[in-house]
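The values are calculated or read from the model by the stated rules, or taken from the named source; none is laboratory data. A quick note: this is a predicted structure, and the numbers were derived from the prediction, not measured. Backbone-built Cβ (ideal geometry, glycine too); neighbour counts: all protein chains shown.
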Amino acid sequence: MLAAAPPPTAIPTEAVIETPENVQETHSPPNRVALFLATAGGVGFAPVAPGTFGSAVGVVLFPFVSGLGLGLLLLTTLALLSVGIWAADEAERIYQTKDDGRIVVDEVVGQWITLMPLALLGRSWDPLWLAVGFFIFRGFDIWKPGPVLWAERNFKGGAGVMLDDVVAGIFGAGLTAVLLWVLA
């Protein structure tokens, strides 16, 4: 006995071409948590030099975070880096701009990395060295020497936003450590 053949399926006679008129776009609402983190609590909306203001947030928070101890400072920095990659990625999607100026969580992380030698030497509350570290990081972040520029150009999305500032922070930490060793 032969099995019954499946019913014939309808073959479309013409393809449907998606156009703006026949496609309904679905926009997800902005992720407010991601935007809050990406803009460092809204500091990224500063009308001028939002990156400088983001670095200033890093300087203001650093003595408190470093007061938790070196281990927790490192863990907090890594956690903020990880969450910052996600938040920057979301913010880029929402703003529809690569490395939008309102995204400043990367400056906070880079600034913390630059200031880490202060924590190692117990100088996290020293206003002079906090200012020195601030200017050192801003210099590397704006100048973007070799590896900093490479990181900016070769990583995409939130990682691209964050990692150039991590590299600038590493350069800044090196210079800060040398200056501390020579001058302090």
- Query: Taking only pairs six or more apart or across chains, which ones have beta-carbon atoms under 8 Å, a first residue in segment 163-184 that is in contact (Cβ under 8 Å) with a residue 40 or more places away in the chain and in a helix (DSSP H, G or I), and a second residue that is among the basic types (Lys, Arg) and buried (at least 16 other Cβ atoms within 10 Å of the Cβ)?
  - Reply: 164/144; 168/144; 180/123
- Note on the structure: Filtering segment 31-51 down to residues that are β-branched (Val, Ile, Thr), surrounded by fewer than 16 Cβ atoms within 10 Å (Cβ to Cβ) and in a helix (DSSP H, G or I) yields 33
- Query: Out of all the residues in segment 35-47, is one or more more than 16 Å from the chain's Cα centre (by Cα) and either among the aliphatic types (A, V, I, L, M) or at pLDDT below 95 (or both)?
  - Reply: yes
- Restricting segment 139-158 to residues that are surrounded by 18 or more Cβ atoms within 10 Å (Cβ to Cβ) and of a type in the set (A, V, I, L, M, F, W, C), which is nearest to residue 90 (Cα to Cα)? 151
- Quick one: would you say residue 136 is modelled with pLDDT of 95 or more, in contact with a Ser or Thr (Cβ under 9 Å, 6 or more places away or on another chain) and crowded, with 21+ Cβ neighbours inside 10 Å? yes
- How many of the residues making up segment 52-64 are within 12 Å of the chain's Cα centre (by Cα) and surrounded by fewer than 17 Cβ atoms within 10 Å (Cβ to Cβ)? 0
- Scanning segment 109-153 for residues that are more than 12 Å from residue 177 (Cα to Cα), touching a residue at least 60 places away in the same chain (Cβ under 8 Å) and not in a helix (DSSP H, G or I), which turns out farthest from the chain's Cα centre (by Cα)? 125
